[in-house]
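Accompanying notes for the structure given below.
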Amino acid sequence: MLIMLNDAILKDPNALMLLRFLAFSQHGEIREERTVDVRLRYPEVEETLALTPEAVLSTIEKLVHAGLLVKRPYSNELCCSRCGSMNIYMELFCIKCGSMNLDKNLLIRHYECGYIGAEHEFNRGDKYVCPKCLKPLKQIGVDYCKEGIAYECSDCGEKFLEPIEKWYCQDCKYTFETKEALLKNLFTYKLPSSVKVKVSAILFDMSPLVERFKQAGFNVEAPATIRGISGLTHYLDVLAVKKLDKGVKTVGVRLITSESEVSIHDVYSFYSEARDSKLSEAVVLALPKASKEVRVFTEAYGLKLIEVKDQNELIKKLDQVLEPKHLK
Ligand SMILES: [Zn+2]
Ligand SMILES: [Zn+2]
Ligand SMILES: [Zn+2]
């Protein structure tokens, strides 16, 4: 057992669910999102594990604190400098009188006389007419052009390109400038791949397999250790022993996990341990799958190979584990 999965985590059902989710799901990360109701949400986890956002957040924090999850910012948002709320919106003010009574206009320039004004000054029915020289504007790019956007204060008449921007907090009713606002990051959380391999191994639930062996009349220990002829002690995820008319049948199961595919190196050491332990059958559970070499090797040396991409696949393949196959 690894030290990093301490008791506080192993006895916390939410923490275990979340770790399983990260270890065995396709996505492998939790993405924090901000919704219209301005709360932090974790949509996929909440739905899959039926947890509240608060429960997800507190569990995530616990796992980050234990060094199991890495936290990375992927986006950020401004929030209220006084109360920290993200429930804020921007307000625009006149640069001269401070009024919020503003219009936003498209600016038009008449090439011939050089006049620049708001679009509404040029509107005459469905045509444009220059308010200064009173000539019609027919073709864009020939008679006139668009000059961008400007604001106009309806109270003092000031025209300007960049209004004063301030933020208003709906929660504490405070108004503040952008430079005052706090910056909050949104994070993703995931198991680093080295941790993921270990966590998958620890959390992989062997109980369906244990039950199946018991139904078949085996005495089962899981996990178990077995002493080899060499005097070395070997670890097994499941050891199933059954007395037969002639002698004893011992089946040893080892779960071998990998970030991508289980390699021959891992399987070879289990093979020698299985020989040393005089197992009648050695079963490799390869999570999430085995390399091509492993398939050839296990076939040639009489190990049983069961590839399981996740927990559910073990349940589907239980019968294969119990089919007899003998070590040469
Ligand atoms: Zn506030
Ligand atoms: Zn004004
Ligand atoms: Zn003109």
Residue list for region 216-240, restricted to those being open to solvent by less than 30 Å² (accessible area, probe 1.4 Å), of a type in the set (D, E, K, R) and more than 23 Å from residue 308 (Cβ to Cβ): none
Of residues in region 157-181 being assigned to a loop (DSSP other than H, G, I, E, B) and within 19 Å of residue 107 (Cα to Cα), the one farthest from ligand 1 (Cβ to nearest atom): 157
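Residue-wise test of (1) at pLDDT below 90; (2) under 18 Å from residue 202 (Cβ atoms); (3) part of a strand (DSSP E or B).
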site	(1), (2), (3)
260	yes, no, no
267	no, no, no
271	no, no, no
282	no, no, yes
294	no, no, no
297	no, no, no
Any hit, region 300-311, residues being within 22 Å of residue 234 (Cα to Cα), among the polar types (S, T, N, Q) and in the same structural domain as residue 264 (by TED's automatic domain parsing): no
Residue list for region 153-165, restricted to those being under 30 Å from residue 34 (Cβ atoms) and buried (at least 17 other Cβ atoms within 10 Å of the Cβ): 163
Tally of residues being within 16 Å of ligand 2 (Cβ to nearest atom) and assigned to a loop (DSSP other than H, G, I, E, B) across region 76-94: 1
Search result, residues across region 97-114 that are under 19 Å from residue 161 (Cα atoms) and among the charged types (D, E, K, R): 103, 104, 109
Scope region 277-294; condition open to solvent by 30 Å² or more (accessible area, probe 1.4 Å) and more than 30 Å from residue 244 (Cα to Cα); matching residues: 288, 289, 292, 293
Tabulated pairs, region 264-276, first open to solvent by less than 50 Å² (accessible area, probe 1.4 Å), second in a helix (DSSP H, G or I), C-beta under 7 angstrom, 6+ apart or interchain: 267/294; 267/297; 267/298; 271/301
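For (1) modelled with pLDDT under 80; (2) of a type in the set (Asp, Glu); (3) not in a strand (DSSP E or B), each residue gets a yes or a no:
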position: 2; (1), (2), (3): yes, no, yes
position: 5; (1), (2), (3): yes, no, yes
position: 9; (1), (2), (3): no, no, yes
position: 17; (1), (2), (3): no, no, yes
position: 20; (1), (2), (3): no, no, yes
position: 26; (1), (2), (3): yes, no, yes
position: 36; (1), (2), (3): yes, no, yes
position: 47; (1), (2), (3): no, yes, yes
Residue in region 78-89 that is closer than 29 Å to residue 156 by Cα and in contact with a Leu (Cβ under 9 Å, 6 or more places away or on another chain) present: yes
Number of the condition not met by residue 213 [criteria: (1) open to solvent by less than 80 Å² (accessible area, probe 1.4 Å); (2) within 17 Å of residue 308 (Cα to Cα); (3) touching a residue at least 60 places away in the same chain (Cβ under 8 Å)]: (2)
Hits in region 304-317 (condition: outside any strand (DSSP E or B) and either at pLDDT below 85 or open to solvent by 20 Å² or more (accessible area, probe 1.4 Å) (or both)): 309, 310, 311, 312, 313, 315, 316, 317
Some residue of region 184-193 being open to solvent by 70 Å² or more (accessible area, probe 1.4 Å) and over 20 Å from the mean Cα position of the chain (by Cα): no
Filter pass, residue 30 being over 18 Å from the mean Cα position of the chain (by Cα) and aliphatic (A, V, I, L, M): no
Options 41, 34; residue that is open to solvent by less than 80 Å² (accessible area, probe 1.4 Å), free of Cβ contacts under 8 Å to residues at least 40 places away in the same chain and within 19 Å of residue 185 (Cβ to Cβ): 41
Hits in region 95-131 (condition: surrounded by fewer than 15 Cβ atoms within 10 Å (Cβ to Cβ), assigned to a loop (DSSP other than H, G, I, E, B) and away from ligand 2 (no atom under 16 Å from the Cβ)): 111, 112, 113, 114, 125, 126
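The values are calculated or read from the model by the stated rules, or taken from the named source; none is laboratory data. Given the structure is predicted, the values throughout are model-derived calculations rather than measurements. Methodologically, a virtual Cβ is constructed for each residue, glycine included, from the backbone with ideal geometry; neighbour enumeration extends over all protein chains shown. Just so you know, the surface numbers come from the protein's heavy atoms only, side chains and all, with ligands and any DNA or RNA stripped out. Shrake-Rupley method; radii C 1.70, N 1.55, O 1.52, S 1.80 Å.
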